[in-house]
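Here's the structure we're looking at; comments come further down.
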Amino acid sequence: MPEFKYKTMGQQFGRRSWAEPWKIKMVEPLRMLTPEERRRAASEAGYNTFLLRSEDVYIDLLTDSGTSAMSDRQWAGLMLGDEAYAGSRNFYRLEDAIRKFYGFKHVVPTHQGRGAEHLISKALIEPGDIIPGNMYFTTTRLHQELAGGTFVDVICAAAHDPTDRSPFKGDVDLDKLEALIRKVGAEKIPYVSLAGTVNMAGGQPVSMANVKALRALTDRHGIRLYLDATRMAENAFFIQEREPGYREKSIAEILKEFCSFTDGCWMSSKKDNLVNIGGWLAVNHEDVFEKARNMVVIYEGLHTYGGMAGRDMEAVAIGIEEMVDEDHIRSRVDQVRYLGTLLLDWGIPIVEPAGGHAIFLDAKRFYPHIPQAQFPAQTLAAELYLDSGIRSMERGNVSAGRDPKTGDHRYPALELTRLTIPRRVYTQAHMDVVAESIKAAFDSRDKTRGLKMVYEPEYLRFFQARFEPLA
Ligand code: F0G
């Protein structure tokens, strides 16, 4: 019997226990399929966890996107939806909340994050442009490419090493960026694309010192700086915890200070903003606002709803207030780190330090015998489902896609399986069950074989690709 079962969380971390800062008002029953049913479901889904039916999943750690539990205040807010086509009251509530907590002047609502990525990419990028950023994100990079740009990774080297425990692995390598600007010329760079935290690096934060220096560097070259604020509340928490001078500042103050060094941001409200659907773009420059506000009516909806219902905008506005609550954000990140600590205690390789939204298993070290061409991270996601009905996600060779020039797989340095924790949904007991399942897959790792891709769609292939087990 694993020892951790008899330790309280406080004993685990060497301090008094804390508990989730909420109680449960409504429950949603979970069911685990039998092993035979799971084998059938995995095979029908082509061993791709995106193709499983949610009903066939026991604990769903596919994503933290749109999977949060809303609060009683947010549910009450839905009843205040003003479903007018134009000028809904809830839009102005949302605009006020964004101005107050993020500090940007102009707001354009969208149906979700990628709607905002589409607008900002089309508004700013000309064919042939270069967009430097701190590691790619799938939809962000694709929109930059579809607008004619090329994304260039300028994240610090530590981000590519899952064993490097540096506190701010999301930081931009300023020398790399400076060298790129010198090589291609500032006029080819419409903006720097900064994400806090960095999803694909394991939810790693960017320091305040780095964004400050980045602002100074981009100002020297007349380049704009835009932020992917999807998980910036979690980034603010890490700054408060780790960066000198920020211990006494509130999450709200840190968030606003960070945003003040950028020209605007795009947002997937489905994460930090604690809602099931929604997104927005917020910018300071009038010219970008003009373009985005005009384009939103083509692609999303009128500029005062952008694809969201009035009630959705109300829920986002309330979610923004709740996201900066100190107890909320601490318990959110600590739950992720609790799972990480259990795994590290058993010698299971994860990306360190644990990030804000997920634990990333390092599939290269988990399955050293499976070559990257046989998709070790995809294999591990399939194995966890087969073991216990837990759903995780591949973030490795399948997610990285093919190089548009050579047509070959991109073979990224990081080959990871992501266990993403929805906000306010699962308890510590669920985390224990997840940890035990990963341990079971780890104990039988030598017997595990890789996968072969048998169907590959053209765009964002990880969503719909199909696989078969290798004999
Ligand atoms: N930026 C980041 C950093 C993201 O993680 C996501 C979505 C987006 C932008 C796009 O937002 O989904 O609302 O269109 N990430 C999800 C995930 C899908 O599972 O990590 P969206």
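The values are calculated or read from the model by the stated rules, or taken from the named source; none is laboratory data. Predicted model only: the values in this text are computed from it and were never measured. Quick reminder, even Gly has a Cβ in these numbers, built from the backbone with ideal geometry, and neighbours come from all protein chains shown. SASA here: full protein model, heavy atoms, side chains in, ligands and nucleic acids out. Shrake-Rupley method; radii C 1.70, N 1.55, O 1.52, S 1.80 Å.
Which percentage, to the nearest 5, of the DSSP beta bridges contained in segment 72-323 is antiparallel?
Numbers: 12 of 25 bridges.
In segment 72-323, DSSP labels about 50 percent of beta bridges as antiparallel.
With only Lys, Arg, Asp and Glu charged, each at its Cβ (+1 for the first two, -1 for the last two), find how big the charge dipole of the chain is about the Cα centre; round to the nearest 20 debye. Roughly 340 debye, rounded to the nearest 20.
Taking the Cα centre of segment 72-323 as the origin, how large is its charge dipole in debye, to the nearest 20, when only Lys and Arg (+1) and Asp and Glu (-1) carry charge on their Cβ atoms? Working shown, then result.
Details: 29 positive and 35 negative charges, 27 e Å.
I would put it at about 120 debye.
Using only side-chain charges placed at the Cβ, +1 for Lys and Arg and -1 for Asp and Glu, the dipole size of segment 319-459 relative to its Cα centre rounds to 460 debye. Farthest towards the positive end of the charge dipole of the chain, among the residues GLN464, GLY310, HIS221, is the Cα of GLN464, using unit charges on the Cβ of Lys, Arg, Asp and Glu.
Tell me whether segment 50-162 comes out rounded, prolate or oblate; compute the Cα gyration tensor, take square roots of the eigenvalues as a ≥ b ≥ c, and use a/c under 1.5 as the rounded threshold. Could you put the intermediate results ahead of the total?
Working: a/c = 2.03, a/b = 1.27, b/c = 1.60.
Taking the square roots of the gyration eigenvalues as a ≥ b ≥ c, segment 50-162 is oblate.
Summary of the geometry: segment 65-119 and segment 188-250, compared by the centres of their Cα atoms, lie 23 Å apart.
Using the alpha carbons alone, the radius of gyration of segment 195-296 stands to its Kirkwood radius in an Rg to Rh ratio of 0.98. Could you tell me which of rounded, prolate or oblate describes segment 262-329, using a ≥ b ≥ c as the square roots of the eigenvalues of the alpha-carbon gyration tensor, with rounded for a/c under 1.5 and, failing that, prolate when a/b is larger than b/c and oblate otherwise? Since a/c reaches 1.5 but b/c is at least a/b, the shape of segment 262-329 is classed as oblate.
The residues packed around HIS285, meaning those with a beta-carbon under 13 Å from its beta-carbon, carry a net charge of 0 if Lys and Arg are +1 and Asp and Glu are -1. In the full protein context, segment 72-323 carries 36 Å² of accessible surface per residue, based on a 1.4 Å probe and ignoring ligands, DNA and RNA.
Answer rounded, prolate or oblate for segment 156-221, using the Cα gyration tensor with square roots of eigenvalues a ≥ b ≥ c: rounded when a/c is under 1.5, else prolate when a/b is larger than b/c, else oblate. Don't skip to the answer; put the middle values down first.
Values: a/c = 2.21, a/b = 1.86, b/c = 1.18.
Prolate, because a/c is 1.5 or more and a/b exceeds b/c.
Distant-in-sequence amide contacts of ALA195, defined by a placed amide H-H separation under 5 Å and a gap of 5 or more residues or a different chain, comprise ASN134, ASP228.
Considering segment 28-67 at the alpha-carbon level, its Rg and Dmax are found to be 10.5, 30 Å.
Determine the percent antiparallel among the DSSP beta bridges restricted to the chain, to the nearest 5. Kindly include the intermediate steps, with their values, before the conclusion.
Details: 26 of 41 bridges.
Looking only at bridges with both residues in the chain, the antiparallel portion is about 65 percent.
Using a probe radius of 1.4 angstrom, the carbon and sulfur fraction of the accessible surface of the chain is 51%. A full extension of the chain between LYS452 and GLU55 corresponds to an added length of 140.3 nm, given 0.36 nm per residue minus the alpha carbon distance. Report summary: the helix-based calculation at 222 nm, which adds -39500 (n - 2.57) for every DSSP H run with n ≥ 4 and divides by the residues of the chain, gives -12000 deg cm²/dmol.
Can you figure out the FRET efficiency of ALA373 with TRP346, using R₀ = 30 Å and their beta-carbon distance, to the nearest 0.05? Before the final figure, lay out the partial values.
Numbers: r = 28 Å, r/R0 = 0.95.
Once rounded, the FRET efficiency stands at 0.60.
Taken along its three principal axes, the alpha carbon spread of the chain comes to 60, 53, 45 Å, from the longest extent down to the shortest.
For ASP72 and ALA186, the difference between the fully extended length at 0.36 nm per residue and the C-alpha to C-alpha distance is 36.2 nm.
Amide H contacts of GLU415 (H built 1.01 Å from N, in plane; Pro and chain starts excluded): ALA363, LYS364 sit under 5 Å, all sequence-distant by 5 or more or on other chains.
Residues of segment 321-355 with an amide N closer than 20 Å to a point placed 7 Å from the Cα of THR163 along the Cα-to-Cβ direction: 340-355. Backbone amide hydrogens, once placed in the peptide plane, bring ARG402 within less than 5 Å of nothing, excluding anything fewer than 5 places away on its chain. For segment 48-56, backbone phi angles converted through the Karplus equation (6.51, -1.76, 1.60; θ = phi - 60°) give residue-by-residue couplings of 10, 5, 5, 9, 6, 7, 4, 4, 8 Hz, Gly and Pro being listed as x.
Could you give the semi-axes, largest first, of the ellipsoid that matches segment 106-148, computed as the square roots of 5 times the alpha carbon gyration tensor eigenvalues and rounded to whole Å?
Values: eigenvalues 61, 31, 16 Å².
Listed largest to smallest, the semi-axes of segment 106-148 are 18, 12, 9 Å.
Under the 0.36 nm per residue contour assumption, what length would be gained going from the current alpha-carbon distance of ARG89 and ASP432 to full extension? Provide the component values of the computation, followed by the final result.
Values: separation 343, 0.36 × 343 = 123.48 nm, distance 4.37 nm.
In short, 119.1 nm is gained.
May I ask which residue of TYR58, ASN276, VAL288 lies farthest towards the positive end of the charge dipole of the chain, with charges of +1 (Lys, Arg) and -1 (Asp, Glu) on Cβ and the Cα centre as origin? It is TYR58, whose Cα lies furthest towards the positive end.
When the listed pairs LYS249/LYS439; LYS364/LYS439; LYS23/LYS271 are checked against a 28 Å cut-off, the alpha-carbon distance exceeds it for LYS249/LYS439. Debye-formula intensities of segment 127-247, expressed as log10 I(q)/I(0) at q = 0.11, 0.19, 0.21 Å⁻¹, are -0.34, -1.01, -1.20 (one equal scatterer per alpha-carbon, no solvent). With N as its number of residues, segment 301-416 has a Cα radius of gyration that, divided by 2.2 N^0.38 Å, comes to 1.41. In terms of overall dimensions, segment 72-323 has a Cα radius of gyration and Dmax of 17.5, 55 angstrom.
Remark: segment 263-271, residue by residue, has Karplus-estimated 3J(HN,Hα) of 8, x, 8, 10, 9, 9, 5, 5, 9 Hz, where x stands for each Gly or Pro and the curve is 6.51 cos²θ - 1.76 cosθ + 1.60 at θ = phi - 60°.
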